[in-house]
Amino acid sequence: MEWTREQRYRKIEDISKEEFEALEETVAKCPYRQKFHIQPKTGLLNDPNGFSFYNGEYHLFYQWFPLGPVHGLKYWYHVASKDLVNWEDRGIGIEPTEYFESHGVFSGTGIVKNNELYLFYTGNTRDKDWVRHPYQCLAIMDNEGNIRKIDRPLINKPEGYTDHFRDPKVLKSDNGKYYCLIGAQDKNEEGTVVYYESEDLLNWTLKKEIDTKYKGNGFMWECPDYFELKDKGILLFCPQGLEPEGDNYHNGDNSGYLVGDKINFENGVFNHGEFIELDRGFDFYAPQTMEDEKGRRILIGWCGLPGVDCVTDKNGWAHNMTLPRELQLKNNKLYQVPIKELESLRKNSRRIEAILKNEDKEFEGFNGTTYELICNFENITGRYVGVKFRKGSNEETVFYYDLEEKKLVLDREKSGEPTVLEFGTIRKCHMDVNKLKMQIFVDTSMVEIFINDGEEVFTSRIYPSKESTGISIFADGFAEVQAEMWDI
């Protein structure tokens, strides 16, 4: 179905109750609905927004176009949780009602002040010639969940930048001042991050760009996020338009980070190392982090990509969130560890130990459609060791370690209904190890694979038939294997 501009910019109240209920019914019948990931009840979900711990709960908002699986008039949809596992539906959080957000409430973040949650976002507007005019805006949520908007934009686009100026990240520095980082594109069509300073979260002064030697890579830097771990500064962002380079940057739009000295917000200088991709899979973008009451830095990302079709489009919905991940910094690299609370989902444990010699073996009780699987490989020799899952008639998703090339490989060529074939069917990254731990979360239509306690992560959508439930573990060579799995 081709969506017209008018259809994309209808509000939810513009359609009848019967039309929306019919859409809900179509979505509910979809065979690819997830069991334990955040997903939209209808329409399209994208970037996580306002991810915060406030008033004893975790709060997450996400970009939502309710009327179909396309990018249209965006709302913020609100879910909340006590444990980051069980999420309560709180309904629409912010809807586009004002002149400064006439064409959508775009992405942003949250920060707590004076026992209220300040929600910063980009107000998207278009003029009669369809030229975009972005504004940085604020809504404030009280401890009863009521949200009120400040009735004016707080930040207008400065000179020297295009209309790609969005995704405010607000943080409080050690000096007591607040800083707002905004993803931007300069007049040379190069991505960058611009930042502002404030004493009170309401009145903002333009400082400058973050001074980084990485500038010149990508035509736009979306979704900036900055935090500090182990006395290091870490800048996350999504550079659009990177050309593939070896095994890197094959998703069209990519997410990654720079680690270095803490940013000097007086002069904007950021001394850092190389840019590192956050996730090596096919479907990961727009991550956002927060610090919780336990002092953990937690990340949630969008399991999707800008500008690509989704298999579930025909079912009236698209995309979902990743699982929450705790970030740890080791040797100037971010490790992403599934949060411990996810263990509460585990049911019906079973375990095996085996020695594999040039074989691909199935084990009794190792099968399913939604589960967690941990495999430990030791004393590995030969060419390959790995796992095949969601196996069925002519279907399987394969993840393995290539000992000769020293690479991790995800192959979804036979993962069911094909998706985004223009970006290929294989993802790889380098890793030199002699022991391998694979922690694999399989939901109805996605997989998240954590290697060696989060040193590398592969996130991808897969679309197998419900009959494809098999699992096998294989070695082209020799490996000692211990594995445990749980239903979810």
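Contact map, the stretch 95-110: residues that are over 20 Å from residue 60 (Cα atoms) paired with residues that are of a type in the set (Lys, Arg), Cβ distance under 6 Å, separation 6+ or inter-chain. Pairs shown: 103/126. The test for being aromatic (Phe, Trp, Tyr), over 18 Å from residue 338 (Cα atoms), part of a strand (DSSP E or B) and not assigned by TED's automatic domain parsing to the domain that holds residue 326 holds for residue 474. Here residue 38 meets each of (1) outside any loop (DSSP other than H, G, I, E, B); (2) buried (at least 20 other Cβ atoms within 10 Å of the Cβ) with one exception, condition (1). Of the conditions (1) without any contact (Cβ under 8 Å) to a residue 60 or more places away in the chain; (2) touching a strand residue (DSSP E or B) at 6+ places or on another chain (Cβ under 7 Å), residue 376 clears all except one; give me its number. Failed condition: (1).
Within the stretch 250-270, restricting attention to residues that are under 25 Å from residue 454 (Cα atoms) and free of Cβ contacts under 8 Å to residues at least 40 places away in the same chain, which residue is surrounded by the most Cβ atoms within 10 Å (Cβ to Cβ)? Across the stretch 250-270, the extreme among qualifying residues is 254.
I'm checking my understanding of the structure. Among residues of the stretch 102-120 that are of a type in the set (S, T, N, Q) and in a strand (DSSP E or B), which one is surrounded by the fewest Cβ atoms within 10 Å (Cβ to Cβ)? Restricting to residues being of a type in the set (S, T, N, Q) and in a strand (DSSP E or B), the top hit is 109. Would you confirm whether or not the stretch 395-416 contains a residue that is in the same structural domain as residue 380 (by TED's automatic domain parsing), of a type in the set (S, T, N, Q), within 26 Å of residue 38 (Cβ to Cβ) and surrounded by fewer than 23 Cβ atoms within 10 Å (Cβ to Cβ)? No, the stretch 395-416 contains no residue that is in the same structural domain as residue 380 (by TED's automatic domain parsing), of a type in the set (S, T, N, Q), within 26 Å of residue 38 (Cβ to Cβ) and surrounded by fewer than 23 Cβ atoms within 10 Å (Cβ to Cβ).
Is one or more of the residues making up the stretch 303-322 within 18 Å of residue 57 (Cβ to Cβ) and within 16 Å of the chain's Cα centre (by Cα)? Yes, the conditions are met somewhere in the stretch 303-322.
Check the stretch 424-434 and report whether any residue there is in a strand (DSSP E or B), modelled with pLDDT of 95 or more and hydrophobic (A, V, I, L, M, F, W, C). Yes, the stretch 424-434 contains a residue that is in a strand (DSSP E or B), modelled with pLDDT of 95 or more and hydrophobic (A, V, I, L, M, F, W, C). In the stretch 137-158, the residues that are in contact (Cβ under 8 Å) with a residue 24 or more places away in the chain and within 17 Å of residue 91 (Cβ to Cβ) form Cβ pairs under 9 Å with partners that are of a type in the set (Lys, Arg) and not in a loop (DSSP other than H, G, I, E, B), at six or more places apart or across chains, as follows: 139/148; 139/149; 141/148; 142/148; 145/90.
To keep it simple, each residue is scored yes or no on (1) touching an Asp or Glu at 6+ places or on another chain (Cβ under 9 Å); (2) touching a residue at least 12 places away in the same chain (Cβ under 8 Å).
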position	(1), (2)
216	yes, yes
232	yes, yes
236	yes, yes
239	yes, yes
245	no, no
279	yes, yes
293	no, yes
309	no, yes
328	yes, yes
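Of the strands (runs of 3 or more DSSP E) contained entirely in the stretch 335-421, those carrying at least 3 residues that are modelled with pLDDT of 95 or more and polar (S, T, N, Q) fall at 347-361, 371-392. Scanning the stretch 457-488 for residues that are over 19 Å from residue 357 (Cβ atoms) and surrounded by fewer than 20 Cβ atoms within 10 Å (Cβ to Cβ) gives 465, 466, 467, 469, 470, 484, 486, 487, 488. Determine whether residue 222 is surrounded by fewer than 22 Cβ atoms within 10 Å (Cβ to Cβ) and either outside any loop (DSSP other than H, G, I, E, B) or not assigned by TED's automatic domain parsing to the domain that holds residue 50 (or both). For residue 222, the condition - surrounded by fewer than 22 Cβ atoms within 10 Å (Cβ to Cβ) and either outside any loop (DSSP other than H, G, I, E, B) or not assigned by TED's automatic domain parsing to the domain that holds residue 50 (or both) - is not met. Close contacts from the stretch 432-455, counting a first residue that is touching a residue at least 40 places away in the same chain (Cβ under 8 Å) and under 19 Å from residue 482 (Cα atoms) and a second that is of a type in the set (S, T, N, Q) and outside any strand (DSSP E or B), with Cβ to Cβ under 6 Å and a gap of 6+ residues or different chains, come to 437/452.
Of all residues in the stretch 34-56, those that are in the same structural domain as residue 70 (by TED's automatic domain parsing) have Cβ atoms under 7 Å from Cβ atoms of residues that are of a type in the set (Asp, Glu) and part of a strand (DSSP E or B), 6 or more apart or on another chain, in 34/443; 35/443; 36/443; 37/443. So for the stretch 20-28 (the condition being part of a loop (DSSP other than H, G, I, E, B) and at pLDDT 95 or above), does at least one residue qualify? No, the conditions are met nowhere in the stretch 20-28.
Considering the stretch 251-298, the residues that are of a type in the set (A, V, I, L, M) and part of a strand (DSSP E or B) include one that is farthest from the chain's Cα centre (by Cα), namely 269.
The numbered conditions (1) touching a Phe, Trp or Tyr at 6+ places or on another chain (Cβ under 8 Å); (2) assigned to a loop (DSSP other than H, G, I, E, B); (3) within 12 Å of residue 136 (Cα to Cα) are all true for residue 214 except (3).
What about residue 385, is it closer than 24 Å to residue 33 by Cα, in contact (Cβ under 8 Å) with a residue 60 or more places away in the chain, touching a strand residue (DSSP E or B) at 6+ places or on another chain (Cβ under 8 Å) and among the β-branched types (Val, Ile, Thr)? No, not satisfied.
Of all the listed residues (82, 11), the sole one being modelled with pLDDT of 95 or more, out of contact with any Pro (no Cβ under 6 Å at 6 or more places or on another chain) and either crowded, with 23+ Cβ neighbours inside 10 Å or over 22 Å from residue 321 (Cα atoms) (or both) is 11.
Every residue in the stretch 340-360 that is crowded, with 16+ Cβ neighbours inside 10 Å and either within 21 Å of residue 403 (Cβ to Cβ) or in contact with a helix residue (DSSP H, G or I) (Cβ under 9 Å, 6 or more places away or on another chain) (or both), please. 356, the sole residue that qualifies.
The values are calculated or read from the model by the stated rules, or taken from the named source; none is laboratory data. Note that the structure is predicted; figures quoted are calculated from it, not measured. Neighbour counts run over all protein chains shown; Cβ positions are idealised from the backbone, glycine included.
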